[in-house]
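**Q** One structure, as structure tokens, below. Some questions next.
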Amino acid sequence: MSDRLLAALTRRRAMLPLLAVLLCLPPFYLDAFWLRIGLFSLAAAIGATGLALLSGTAGQLSLGHAFFLAVGAYGYTWLAGEPGPGLPPVLAALLAVLLAGAAGGLFSPVAARVKGIYLGIATLALVFLGHHVLLTADSVTGGFNGRSVPPLTLGGFTFAESDPELTVLGVPFGAEERLWFLGLALFAFTWFTARGLLRGRPGRALAALRDSETAAAVMGVDVARHRSAAFVVSSMYAGLAGVLLALAFRRVVPDYFSLALSVDYLAMIVIGGLGSVAGATAGAVFVTALPLLMTRYADQLPLVTAPGTTEGAVGPTEAARYLYGAAIVLVLLYAPDGLHGLARRVRDRVRRRRSRTPAPDTVVPSPPQPAARPKEHTP
């Protein structure tokens with residue numbers, strides 16, 4: 001291992017504790033609105049990571065990600081609530097993630113045999129089928145009005161507003177503050193497991209499968225099994241994101257898990273960069289936070305009206321969709337590898353410039369001067 005690579009790894013390991021400390025500070029300084037944006041972004045990053053593994057690494061187009069989010073959210077709500085089995089919330093959350101993986105497993109035979117736009121159309125059917133079931137299965141989903149989400153309880157600690165109130169360093173910890181640390185823990189689990197998959201043999205097999213199924217089969221990759229496994233793993237990440245979304249919203253309704261949500265997740269991984277965990281996280285934060293910020297500051301933005309007004313201008317949600325639609329076009333034209341690839345190129349350019357710049361104590365030898373010739377006298 002070269003000294004430069006060893007130094008880079010050492011710097012990266014030293015940055016992890018600092019980053020962890022910085023991510024733990026927002027509940028002590030930010031109000032509930034910003035923490036809510038962070039929670040929604042963390043949940044979206046978990047789901048986008050799963051879709052990045054499926055579409056970016058394995059090369060399988062999916063428009064049904066909202067369906068698996070709904071399975072996780074409603075699975076937890078029904079398993080932990082009443083009417084329902086009334087299971088302990090932690091067990092209900094775990095079973096909801098497994099239920100989403102099982103739903104992906106039931107669909108995996110289709111994913112193993114269909115690819116490209118045909119797989120996208122097949123997964124699109126899941127969204128419409130799931131939305132119909134959510135509206136009609138009133139005893140489980142609550143129908144059009146949805147259901148309240150039971151709070152998560154772990155070892156007697158409730159991730160919601162409860163009595164007695166919790167105060168840490170003089171700061172009252174309500175539902176958003178408590179859920180912030182739960183979201184961080186789930187996101188950290190997603191980050192390290194996804195990066196481990198990408199850097200291990202499964203990730204290399206999926207990348208080979210994306211580039212050429214024939215070449216992957218020649219190298220000994222079981223094409224059908226790996227495509228099915230990618231769909232199951234992506235579904236489980238989506239189920240985990242659905243559980244966190246349900247806890248953050250505190251109420252789940254069918255209209256949230258529509259085709260628009262699946263399109264939002266595709267936008268996240270395209271803007272952030274296909275096949276990259278960091279890129280999926282950046283895209284998730286951008287797509288999730290933009291409409292919420294535009295809603296809050298709608299009265300200060302030109303051509304944007306506040307929610308609930310009847311004027312002819314554009315609402316904040318529609319304006320946000322226009323903006324990240326334009327961002328997708330710009331990314332496809334000028335940065336096909338997304339924000340992650342753009343950041344990597346900028347970092348590499350800065351490093352090259354630093355390597356070319358001599359150190360202050362370094363003496364740069366002057367170029368050799370041509371030998372002087374004797375002056376010829378004019379006759």
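**Q** Specify the inter-centroid distance of segment 68-121 and segment 228-299, based on alpha-carbon positions, in whole Å.
**A** Rounded to whole Å, the Cα centres lie 16 Å apart.
**Q** Mind listing the long-range amide H neighbours of Ala335? Cut-off is under 5 Å, sequence gap 5 or more, other chains count too, H placed in the peptide plane at 1.01 Å from N.
**A** Amide H neighbours of Ala335: none.
**Q** Checking the a/c ratio against 1.5 first, then a/b against b/c, what shape does the Cα gyration tensor give for the chain?
**A** prolate
**Q** Describe numerically, in nm with one decimal, the distance between label points set 7 Å from Cα along Cα→Cβ at Ser212 and at Tyr297.
**A** 4.9 nm
**Q** Another question about this same structure. Where does the longest stretch of the chain lie that holds no GluC sites (Glu not before Pro) found in a DSSP loop with 16 or fewer other Cβ atoms within 10 Å?
**A** Value returned for the longest uninterrupted segment is 1-160.
**Q** Kindly state, to the nearest 0.05, the FRET efficiency for Val253 paired with Arg356, given R0 = 45 Å and r defined as their beta-carbon distance.
**A** 0.20
**Q** Using the Cα centre as the reference, give the magnitude of the dipole from point charges on the C-beta atoms of segment 151-225 (Lys, Arg: +1; Asp, Glu: -1; all else neutral), rounded to the nearest 20 debye.
**A** The dipole magnitude comes to about 660 debye.
**Q** Tell me which of Ser355, Ala66, Ala80 sits at the most positive position along the dipole axis of the chain, charges placed on C-beta atoms (Lys, Arg +1; Asp, Glu -1).
**A** Highest projection toward the positive end goes to Ser355.
**Q** Please list, in chain and number order, the residues 5+ apart from Phe173 or on another chain whose amide H is under 5 Å from its amide H, with Hs placed from the backbone.
**A** HN-HN under 5 Å from Phe173: Leu166, Thr167, Val168.
**Q** Pick out, from Ala194, Leu266, Phe231, the residue whose Cα sits farthest towards the positive end of the charge dipole of segment 176-273, with +1 on the Cβ of Lys and Arg and -1 on the Cβ of Asp and Glu.
**A** Checking the options against the dipole of segment 176-273, the answer is Ala194.
**Q** Separate question: In sequence order, what are the phi-derived ³J(HN,Hα) couplings for segment 185-202 according to the Karplus relation 6.51 cos²θ - 1.76 cosθ + 1.60 with θ = phi - 60°, rounded to whole Hz, with x for glycine and proline?
**A** With coefficients 6.51, -1.76 and 1.60, one gets 5, 5, 5, 4, 4, 5, 4, 6, 5, 5, 5, x, 5, 5, 8, x, 4, x Hz.
**Q** Rounded to the nearest 500, what is the 222 nm mean residue ellipticity of the chain from helices alone, with -39500 (n - 2.57) per DSSP H run of 4+ residues and division by all residues?
**A** My calculation for the chain gives -22000 deg cm²/dmol from helical runs alone.
**Q** Quick one: which residues, 5+ away or cross-chain, put their amide H under 5 Å from the amide H of Arg251? H built at 1.01 Å from N.
**A** Placed amide hydrogens put Val149 under 5 Å from Arg251.
**Q** Explain nothing, just the number: relative contact order of the chain, from Cα pairs under 8 Å at least 6 residues apart, as a whole percent.
**A** For the chain, the relative contact order is 26 percent.
Coordinate-derived values only; no laboratory data. Note that this is a predicted model, so its numbers are computed, not measured. Please note: Cβ atoms are built from the backbone with ideal geometry, for glycine as well, and neighbour counts cover all protein chains shown.
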